[in-house]
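Enquirer: Take a look at this one; I'll ask things after.
The values are calculated or read from the model by the stated rules, or taken from the named source; none is laboratory data. Being a predicted model, the structure only gives us computed values, none of them experimental. So basically every Cβ, Gly included, is an ideal-geometry build from the backbone, and we count neighbours across all protein chains shown.
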Amino acid sequence: MKGSSGKSRAGAVRKAKNKQVGSGGQGRQALEGKGPTPKAEDRAWHPAGKRKAAQERYAASGGKGKPGGKVAGQSRGSSAPRGASGAARRSKSGDESEIVTGRNSVLEALRTRIPATTLYLAARIEMDDRVKEAVKIATNRGIPILEVMKPELDRLAGEGGVHQGLALKVPPYEYAHPIELLDEIIASDETPLLVALDGITDPRNLGAILRSTGAFGGQGVIVPQRRSVGVNSAAWKTSAGAAARVPVAMAANLTQTLKTLKERGVFVLGLDGDGDVSLPGLSWADRPIVIVVGSEGKGLSRLVAETCDAIVSIPISATTESLNAGIAASVTLYEISKLRAEG
């Protein structure tokens with residue numbers, strides 16, 4: 001055992017490589033910090049910063065184009081094109097195009113000269129009259145025709161989609177403006193008959209309502225900007241082509257739009273099982289009408305119900321709790337068209 005001879009144990013002291021006295025202020029900046037955190041809009045990588053940069057480019061360009069850098073179909077304004085909802089089937093190229101599937105839907109879209117960009121045809125497809133006409137129209141209009149295998153069409157149609165060997169790539173749906181749509185109907189000397197959807201989220205209901213609107217003399221459908229389904233591939237399919245003939249308008253605020261329609265002489269009828277007016281023999285059938293259909297679960301929203309001139313009920317069997325939104329709209333449209341024909 002060693003005494004206190006002053007010798008240190010080997011390895012107990014770490015030798016400094018570069019001995020220096022003091023830091024000379026070299027660590028002062030680190031101690032002071034980096035200053036206040038920049039605002040989100042001042043950080044180029046932040047989404048807010050990107051929006052700010054896009055707005056500055058928009059202002060510098062003299063207001064041409066769209067601020068924010070959105071492509072057509074992403075805007076949700078009352079008259080601008082809107083892309084499909086989450087249920088829509090979009091092309092895989094990153095654009096906002098829709099894929100319309102099914103022989104009837106594809107043929108109707110081609111007949112109405114929607115500016116389609118590609119017709120997809122299944123290899124070894126059975127060439128019935130609809131397929132032949134679709135190919136002929138596409139050929140005459142110069143629309144590219146691609147023959148693909150069934151798995152590729154299945155992918156384009158999406159889960160649960162039925163394409164029947166035919167699919168069509170179309171641009172985002174362009175919505176009309178509700179008041180402009182009304183003006184066009186009045187200018188054509190027709191009595192307005194519109195359907196407004198209050199929170200309908202199932203595209204199959206929208207497709208069915210479009211089909212019934214066209215079948216029973218209606219001139220258009222109005223959908224709200226928020227919390228509502230848009231015209232997507234599922235709606236196209238269910239409408240059996242009616243989406244190509246019946247215009248759909250988008251309302252920035254459905255309640256305000258209904259109030260404006262009322263000011264223009266349109267009678268607003270809301271559908272509800274507890275309505276105080278019975279549909280059969282409706283006395284207002286000959287007037288300009290907009291039928292308001294509530295959501296599948298909650299029915300009419302409070303503000304919309306308060307805006308209606310009357311709440312109409314459809315008599316049904318006591319064993320049935322309620323009607324599907326699409327069926328309720330169809331029954332009402334049929335009754336109004338029948339009363340107008342009799343009058």
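Enquirer: Note down all Cβ pairs under 8 Å where the first residue falls in region 129-155 and is farther than 11 Å from THR118 by Cα and assigned to a loop (DSSP other than H, G, I, E, B), the second is modelled with pLDDT under 90 and not hydroxyl-bearing (Ser, Thr, Tyr), and they're at least six residues apart or on different chains.
Expert: MET149/ALA122; MET149/ALA123
Enquirer: When region 156-172 is examined, which residues are found to be part of a helix (DSSP H, G or I) and not small (Gly, Ala, Ser)?
Expert: Passing the criteria: only LEU156.
Enquirer: Could you give me the residue pairs with C-beta distances under 7 Å whose first residue belongs to region 163-175 and is on the phi > 0 side of the Ramachandran plot, whose second residue is part of a loop (DSSP other than H, G, I, E, B) wherever it lies, and which are 6+ apart or on separate chains?
Expert: If the second residue must be part of a loop (DSSP other than H, G, I, E, B), the pairs left are GLN164/GLY102; GLY165/ILE125.
Enquirer: Taking region 165-181 as the region of interest, how many residues are at pLDDT 85 or above and either among the hydroxyl-bearing types (Ser, Thr, Tyr) or touching a Lys or Arg at 6+ places or on another chain (Cβ under 8 Å) (or both)?
Expert: Count: 4.
Enquirer: With the structure loaded, tell me whether PRO315 is surrounded by fewer than 16 Cβ atoms within 10 Å (Cβ to Cβ), within 17 Å of ILE336 (Cα to Cα) and without any contact (Cβ under 8 Å) to a residue 40 or more places away in the chain or whether it fails that test.
Expert: yes
Enquirer: THR320 is checked against (1) part of a helix (DSSP H, G or I); (2) surrounded by fewer than 17 Cβ atoms within 10 Å (Cβ to Cβ); (3) of a type in the set (Ser, Thr, Tyr) and fails just one. What number does that condition carry?
Expert: Only one criterion in (1) part of a helix (DSSP H, G or I); (2) surrounded by fewer than 17 Cβ atoms within 10 Å (Cβ to Cβ); (3) of a type in the set (Ser, Thr, Tyr) is unmet by THR320, namely (1).
Enquirer: Among (1) surrounded by 15 or more Cβ atoms within 10 Å (Cβ to Cβ); (2) at pLDDT 90 or above, where does ASP189 come up short?
Expert: Here ASP189 meets the rest and fails (1).
Enquirer: Same structure again: Go through region 209-251 and give me each residue that's in contact with a Pro (Cβ under 9 Å, 6 or more places away or on another chain), within 24 Å of SER188 (Cβ to Cβ) and aliphatic (A, V, I, L, M).
Expert: VAL221, ILE222, VAL231, ALA249, MET250, ALA251
Enquirer: Taking region 108-128 as the region of interest, how many residues are in a helix (DSSP H, G or I) and either buried (at least 21 other Cβ atoms within 10 Å of the Cβ) or modelled with pLDDT of 90 or more (or both)?
Expert: Residues meeting the conditions: 3.
Enquirer: Look at LYS132 and say whether it is more than 22 Å from the chain's Cα centre (by Cα), modelled with pLDDT under 90 and at negative phi.
Expert: When the stated conditions are applied, LYS132 does not pass them.
Enquirer: Return the residues of region 262-273 that are touching a Pro at 6+ places or on another chain (Cβ under 7 Å) and in contact (Cβ under 8 Å) with a residue 60 or more places away in the chain; say none if nothing qualifies.
Expert: Within region 262-273, VAL266 is the sole residue that qualifies.
Enquirer: Out of region 200-220, which residues are within 10 Å of ALA329 (Cβ to Cβ), hydroxyl-bearing (Ser, Thr, Tyr) and at pLDDT below 90?
Expert: none
Enquirer: Return the pair list, or none, for Cβ contacts closer than 7 Å from residues in region 282-306 that are among the hydroxyl-bearing types (Ser, Thr, Tyr) to residues that are at pLDDT below 90, at least 6 apart or on different chains.
Expert: Sorted first by the residue in region 282-306, then by its partner, the pairs are SER295/GLY199; SER295/ILE200; SER295/THR201; SER301/GLY199.
Enquirer: Out of all the residues in region 223-244, is one or more at pLDDT 90 or above, among the hydrophobic types (A, V, I, L, M, F, W, C) and either out of contact with any Gly (no Cβ under 7 Å at 6 or more places or on another chain) or under 20 Å from ALA109 (Cβ atoms) (or both)?
Expert: The answer is yes; a qualifying residue exists.
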